[in-house]
Amino acid sequence: MPQRKDKLYYTHAVEIRKEKEQYGVYSLRKFKKDDLVLLEPVRCSYVMSPKDFGGNQSDACAFVAAIYRSPETLGREFMSFGLEAINGVFEVPPAHDKRYLQKLSRKYNKPYLHVLNTWRNVCTYHVRNYLIPSESNDLKVRLQLSALLNRVNHHCSPNSYGVCYFSSYRTFNEPIAYVRAIRDIEVGDEITYSYIHPKFLVEDVHSRQNEISECYDFACSCSKCESEMSKINALPT
Ligand SMILES: [Zn+2]
């Protein structure tokens, strides 16, 4: 947990940037090992059943659907954040998201522009979904909005670790997210942490890639994986 003695640099210490077609969080200052790199309240956490989540739309679309489904609770809470879409970012949804948003527009009888604007506001933040066990032991999906933590990319040789901490695991009250440096970080460095258990980080590239693709469904292309893969590819067959 963050401690009272922690210096809080987080407000102007990092920025979200797009590099190589991917958003990431980059350092605007030097950090020493153990410094708190960022700390943020998780803005909105919403629990839904997997059947409401289904389909191949993005997590952001699922969140937009949840807002229209619960206008008095989630919708009101979301409006109270006063989020505004960032110009030049997430202007146009990808085709499968667009089709989903058009369906929502018809289903809830809202102009498409209204739905599109909600999508853009949701995309200002990043949505991540987690499967969680519920009281009745069936799985639920938790959608979580956070501006920074969810934008921090995975690396197999990370410079930080990231935690989303809940004061109560059952109710998800007052969640906060924080990232702490595990080694010195220079200005301009990308902030990264490992999405997989640290025990996998000492294993070879194939075991790491298996674990990542099983849990997160992406192929890691971090600099450590790339250099290990190129060494393997250079071996005589
Ligand atoms: Zn990797």
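Looking at the stretch 130-152, is at least one residue surrounded by 13 or more Cβ atoms within 10 Å (Cβ to Cβ) and at pLDDT 80 or above?
Scanning the stretch 130-152 turns up at least one residue that is surrounded by 13 or more Cβ atoms within 10 Å (Cβ to Cβ) and at pLDDT 80 or above.
What are the pairs, 6+ residues apart or on separate chains, where a residue within the stretch 198-213 that is within 18 Å of residue 231 (Cα to Cα) has its Cβ under 9 Å from a residue that is of a type in the set (Phe, Trp, Tyr)?
Pairs found: 207/200; 208/200.
Go through (1) open to solvent by 90 Å² or more (accessible area, probe 1.4 Å); (2) at pLDDT 80 or above; (3) not in a helix (DSSP H, G or I) and name the single condition residue 26 misses.
(1)
Checking the conditions here, which among 176, 185, 232 is more than 14 Å from the ligand (Cβ to nearest atom), open to solvent by 30 Å² or more (accessible area, probe 1.4 Å) and on the phi < 0 side of the Ramachandran plot?
176
The values are calculated or read from the model by the stated rules, or taken from the named source; none is laboratory data. Bear in mind the structure is a predicted one, so any value in this text is a computation, not a measurement. We place every Cβ from the backbone using ideal geometry, glycine too, and count neighbours over all the protein chains shown. Accessible surface is based on the protein model in full, side chains and every heavy atom, while ligands, DNA and RNA are left aside. Shrake-Rupley method; radii C 1.70, N 1.55, O 1.52, S 1.80 Å.
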